[in-house]
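Read the structure below first, then the notes.
Just so it is clear, none of the values below were taken in a lab; they were calculated from the coordinates. Just so you know, these numbers come straight off a predicted model, no measurement behind them. Ideal geometry is used to build each Cβ from the backbone, glycine not excepted, and the neighbour counts take in all protein chains shown.
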Amino acid sequence: MKRKGSLWSIIALIGCLSSVLLLTGFILGVTNVLHPGSVPFTEKPVASTPEVPVDNSKAEYRIVAIGDSLTRGTGDDTGKGYVRRTVEMLEKHKREAKLLNNLAINGLRADQLVTRLDEEHIGYSLKQANLVLLTIGGNDLFQGAQSEQLSSAQLNIEYLNKKADESISSLKQVLNKIRETNKDALIVFVGLYNPFSNVKEMSTVGSSVVERWNHAAKEFMNEDANMLMIPTQDLFEHNIDKYIAADHFHPNGTGYDAIATRIVQSLP
Amino acid sequence: MLALIHNETLKVLKKKRFYVILLILVVLIPVFTYAQMKIAQNSREKFDQDWRREITQQIADYQNTLGSDRIPEEWKTMRRIMIQQLQYYLDHDVNPNEPNGVTFTRTFMDNAVTLFIPLLIMAIASDIVSSERSTGTIKMLLTRPVRRWKILMSKWIVLMLFSGIIVLATALLSYLISGAVFGYGGWSFPLFSGFNLSGSDVHVESVHMMPSWLYLLMQCGLIWFSSLVVAALSFMVSVLVRSTAASIVTLMAVLIAGSILYNMASSWPTAKYLFMINLNLTSYLAGSPPPVEGMTLGFSLIVLAVWGVIALLIAFRVFTKQDMLN
């Protein structure tokens, strides 16, 4: 009975103490939510930017991918896209490669990418890379073409050319911004292909605007020795049925594989 | 009165349920710790411990789901809020998932508040009266020269004491067990609170920083309040229902229904008056969106308090007036 008695007093004591402690926590919690900042020990946060850890010790590709749905890998049933396939192929060739981040966003346009590159956390990631993979422009030229294929505006070559010229200036800004953020990285830009080369009405018009875009991009990239353009229009032109996914816009697994093969072949 | 409380405490301890609760915690927490460790390992491999890059990837992944037409609008709102909060953590160079025992405890308590802790409370509360009736000891108890409300009051006080102990024991055990894996540090690591939500926008003017220990204390306090309401409701059911099994099943069903409803409540705004929807008080602290838009901490506290007080009134009224036949 003596033991029981002491056990009871211990339980009662713990119970009372925990209730008091929890009541304090409860009051503090409610005060904190209703009157933010009035609770002791709280302070105003200060914004701070960390130093970027750049690890140059190993000879490896440190890859950051950025851009639109092609970089994301949309259309690939395995979800790998050309980015992961490139990494895998490099590893198969006994070259070390690491994907730091895939920051691509479905449906992104070149002008949206320009603002996205201003975000601090994107820069943090880009600074650590020595290889930047990039696709952009498909949505600028052909946005909405999947749903309302062959509307009259999309067939109009002048309208498309105007769109291409507008977005090419955004592309230049994108490339300049990446270069500003990272002075030394190799920037690999995957060119556009005409997803409609098997559609009779769209074939010539689409190919001509794609060529115009690719040409302007290539011309701009020539000025920087550390930029590389991977053409895809020639790859896809006669293989569109083999390389295109069910949505008639994005490449499928085989298509991404072909793009990745080209990238690996072109890498120094 | 003190003698009555003494007596009731001994009864609870004698029934060994409290030890079973502690045992459940000791068995279950290592399981969660292990799962958490696997997740941490995975992120270490993929992002070589650079949490900023991990958060950056998380933001990019969330942004991608925003474009999909198949995702319900409420989810998108939630994702937008989370993106803005993660962005805030990045801008202030604070890792929201700093791996240590305190972070684990915080996450575990957040997830335990709606189902796990109420379950533990119920284990004690649901048979505190009904077991006296199923075993027939209620007659012995009531033939003593003590007023009935005093008997019930002593039971309620004991239940409150044990509720506090259970909440604290859960936090303490999860800290001690997970700390063995993640380390015992992190008490002073800064956390943010005070995100102000309106629609899918997050206002950060009132955001302030506090050390983890203070956050944990507030969190446990809020969980304790929810637990007391659950205890009051179980207490009422225990008075009303004769068999312990029936009272456990009734409350379990209500709680599980609540956790299912929680995700659907946004399309049925009246659900915000149900106590189960309001149990998750800690979400107001973290700044995560409430199940029904427009719910605030004050609202939830009032709803919970009303449910709790009514439950206690019914319990006392019935217990003092009822004929004890069997």
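Residue pairs exceeding 18 angstrom between C-alpha atoms, taken from A:LYS58/A:LYS127; A:LYS98/A:LYS242; A:LYS58/A:LYS94; A:LYS80/A:LYS218; B:LYS11/B:LYS139: A:LYS98/A:LYS242; A:LYS80/A:LYS218.
For region A:88-117, the residues whose amide N sits under 20 Å from a probe point set 7 Å from the Cα of A:GLN173 along the beta carbon direction are A:104-117. Normalised by residue number, the volume inside the convex hull of the Cα atoms of region B:184-326 is 140 Å³ per residue. Counting DSSP beta bridges in region A:61-266, what percent are antiparallel, to the nearest 5? Percent antiparallel among DSSP bridges in region A:61-266 is about 5. Compared with the dominant Cα axis of chain B, that is its longest principal axis, helix B:297-321 is turned about 10°. The calculated FRET efficiency for A:THR24 paired with A:THR115, based on their beta-carbon distance and R0 = 51 Å, is about 0.65.
Okay, which of region A:27-68 sit inside 15 Å, backbone N to the point 7 Å along the Cα-Cβ direction of B:SER188? The answer is A:41-43. Note on region B:114-220: along the principal axes its Cα atoms extend 61, 39, 22 Å, ordered by decreasing extent.
Between the helical axis of B:116-125 and the longest alpha-carbon principal axis of chain B there is an angle of about 10 degrees. Within chain A, helices built from complete DSSP H runs that reach 18 Å or longer along their own axis (Cα positions) and carry a mean Kyte-Doolittle hydropathy of 1.0 or higher are A:2-34. The distance from the alpha carbon centre of region A:1-55 to that of region B:8-83 is 21 Å, rounded to a whole number. Placing unit charges on each Cβ (+1 for Lys and Arg, -1 for Asp and Glu) gives region A:195-241 a dipole about its Cα centre, and among A:PHE220, A:THR232, A:PHE196 the Cα reaching farthest toward its positive end belongs to A:PHE196. Label-to-label distance, B:GLU293 versus A:PHE41, with points set 7 angstrom from Cα along the beta-carbon direction: 3.6 nm.
Dipole magnitude for region A:25-138: about 360 debye, using +1 per Lys or Arg Cβ and -1 per Asp or Glu Cβ, origin at the Cα centre.
Among A:THR71, A:THR31, A:THR115, the largest mean-square fluctuation in a Gaussian network model of chain A (Cα springs under 10 Å) belongs to A:THR31. Neighbour counts of C-beta atoms inside 10 Å place B:MET37, B:MET276 in the sequence B:MET37, B:MET276, starting with the fewest. In µm²/s, what is D for region A:203-268 at 4 °C and 1.567 mPa s, where D = kT/(6 pi eta Rh) by Stokes-Einstein and Rh is the Kirkwood radius from Cα pairs? The estimated diffusion coefficient comes to 99 µm²/s.
The stretch between A:GLU96 and A:GLU60, if pulled fully straight at 0.36 nm per residue, gains 12.5 nm over its current Cα-Cα span. Assuming R0 = 51 Å, can you tell me the calculated FRET efficiency for the pair B:SER243 and B:ALA35, based on Cβ-Cβ distance, to the nearest 0.05? The formula returns an efficiency of 0.90 here. Spin-label model, B:MET78 to A:LYS183: label points 7 Å out along the Cα-to-beta-carbon direction sit 4.6 nm apart.
Note on region A:61-266: with charges restricted to the Cβ of Lys and Arg (+1) and Asp and Glu (-1), its dipole about the Cα centre is near 620 debye.
In chain A, helices alone account for a calculated mean residue ellipticity at 222 nm of -16500 deg cm²/dmol, with every DSSP H run of four or more residues adding -39,500 (n - 2.57).
The residues A:ASP165, B:ASP110, when put in order of fewest to most other Cβ atoms within 10 Å, stand as A:ASP165, B:ASP110. For the protein assembly as shown, take every pair of Cα atoms, bin their distances at 20 Å starting from 0, and report each bin as a whole percent. All Cα pairs, binned at 20 Å, distribute as 17, 39, 27, 13, 3, 0 percent. Residues of region B:131-161 with the amide nitrogen closer than 20 Å to a label point 7 Å from the Cα of A:LEU17, along Cα-to-Cβ, please. Residues B:158-161 qualify, since their backbone N sits under 20 Å from the label point. Taking the DSSP beta bridges with both ends in the protein assembly as shown, the antiparallel portion is around 35 percent. Remark: relative contact order (chain A) = 20 percent; criterion is Cα-Cα distance under 8 angstrom and separation of 6 or more residues. First measure r as the distance between the Cβ atoms of B:ASP69 and A:ASN198, then evaluate 1/(1 + (r/R0)^6) with R0 = 25 Å and state the FRET efficiency to the nearest 0.05. Efficiency computed from Cβ-Cβ geometry: 0.40.
The convex hull drawn around the Cα atoms of region A:21-78, when projected onto a plane and averaged over every direction, covers 10.5 nm². The C-alpha atoms of chain A occupy a region whose extents along the principal axes are 96, 48, 39 Å, arranged from largest to smallest.
Positive-end ranking of B:LEU86, B:THR103, A:HIS250 along the dipole of the protein assembly as shown, with charges on Cβ about the Cα centre, is headed by B:THR103. One quarter of the surface of the convex hull around the alpha-carbon atoms of chain B equals 18.1 nm², the direction-averaged projected area. The helix-based estimate of mean residue ellipticity at 222 nm for chain B, built from -39,500 (n - 2.57) per DSSP H run of four or more residues and divided by its residue count, is -24000 deg cm²/dmol to the nearest 500. Taken over the Cα atoms of region A:1-43, the convex hull encloses 51 Å³ per residue.
Dipole orientation for the protein assembly as shown: of the candidates A:LEU133, B:VAL303, B:SER134, B:SER134 has the Cα lying most toward the positive pole (charges on Cβ; Lys, Arg +1; Asp, Glu -1). For the protein assembly as shown, a simple Cβ point-charge model (Lys and Arg +1, Asp and Glu -1, everything else neutral) yields a dipole of about 4080 debye relative to the Cα centre. Take the Cα of B:ILE260, step 7 Å toward its Cβ, do the same at B:LYS14, and the gap between the two points is 4.0 nm.
Note on chain A: with a GNM built from Cα contacts shorter than 10 Å, the maximum mean-square fluctuation among A:ALA110, A:ALA246, A:ALA164 falls on A:ALA246. By how many degrees, 0 to 90 and rounded to 10, does the Cα axis of helix B:101-112 deviate from the longest principal axis of chain B? Between helix and principal axis, roughly 60 degrees.
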